[in-house]
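Structure record follows, encoded as structure tokens.
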């Protein structure tokens, strides 16, 4: 399958399949047709409306993961929606970061472009403000559908379930695998 195909007006398949870890370990991270359709649904119903509402590009840091690749991820979930092409981790362009090869640098610190995990101590106010703006936009915009929405210190995880009703589950990652479920109101108040 051509990885340069557009899933929506602003997102190409290759943005969701690139992986430094897969390249380093010779893992074929090509998604099956069903996962491509799920990625397309994620783009159409969640990411594209978000990009339109924000008016600035979204950078995918982790998209589809085949099972073998997912198992290589530290703190991976055996039921990760990334494996079905239903989830993506992203940052917002305009943050204090720049893309360098397959890594993203945020004020001198590296974010792993596959996992979205970060060793960041200082992310920069602009980066965090843009993440919060994206997080709030997803919650407040009725045109943006999602299953799970998780805000991490340095990126956002969002998923879309095309087969079942989306749960609109909102969570804040507190670090070291700890998460706090939030109501819509709590999330808006917290952010």
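The Kirkwood radius of the range 1-75, taken over pairs of alpha-carbon atoms, gives through the Stokes-Einstein law at 20 °C and 1.002 mPa s a diffusion coefficient of 164 µm² s⁻¹. Packing, as the average of other Cβ atoms within 10 Å across residues, places the peptides 79-90, 12-23, 131-142 in the order 79-90, 12-23, 131-142, highest first.
Among 64-77, 170-183, 147-160, what's the highest-first ranking by average C-beta atoms within 10 angstrom per residue? Don't skip to the end; give the middle numbers.
Values: 64-77: 16.9, 170-183: 12.9, 147-160: 22.3.
Output ranking for 64-77, 170-183, 147-160: 147-160, 64-77, 170-183.
Each Cα pair under 8 Å and six or more residues apart adds its separation to the average, and for the range 17-86 the resulting relative contact order is 42 percent.
Rule-based calculations on the coordinates, nothing more; no lab input. Remember, predicted model here, so these are calculated numbers, not experimental data. Here Cβ is always computed from backbone atoms with ideal geometry, including for glycine, and neighbour counts include all displayed protein chains.
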